[in-house]
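Undergrad: The structure is given below, and queries will be raised subsequently.
Since every read-out is calculated from the coordinates, none of them should be taken as a lab result. What you see is a predicted model; the values in this text were computed from it and never measured. Every residue, glycine among them, receives a Cβ derived from its backbone with ideal geometry; neighbour counts consider all protein chains shown.
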Amino acid sequence: MLKITRIGNGEVVFKLSGRLGAENVGELERLFSAEAGRIVLDLKDLTLVDQDVVSFLRRCEADSLKLRNCPAYIRKWIMGERV
């Protein structure tokens, strides 16, 4: 299960908690497209992702979204994809 919390304070922060799977990517893309300004994804409480999500997070960074509190295993997976 995924929980999405939106916080706005000079920048829009989406805090993601729980399991993020490919089935959630479309919902996140819709949320992002409705926002103006800088978007930050706080991944501190993310417990599980799949390969499609790692590709999505890599694209997010390429599109200037900031990944905050990215767990080391997810960061390693993202960096591994770039090779």
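Undergrad: Which one of these does C60 not meet: (1) under 14 Å from L2 (Cβ atoms); (2) buried (at least 17 other Cβ atoms within 10 Å of the Cβ)?
TA: Looking at each condition in turn, C60 falls short on (1).
Undergrad: Please enumerate the residues belonging to the range 1-51 that are assigned to a strand (DSSP E or B), surrounded by fewer than 14 Cβ atoms within 10 Å (Cβ to Cβ) and among the aliphatic types (A, V, I, L, M).
TA: Scanning the range 1-51 gives I7, L48.
Undergrad: I would also like to ask the following. Could you give every pair whose Cβ atoms fall below 7 Å, whose first residue belongs to the range 65-81 and is in contact (Cβ under 8 Å) with a residue 12 or more places away in the chain and in a strand (DSSP E or B), and whose second residue is of a type in the set (V, I, T) and surrounded by 14 or more Cβ atoms within 10 Å (Cβ to Cβ), counting only separations of at least 6 or pairs across chains?
TA: K66/V40; R68/V40
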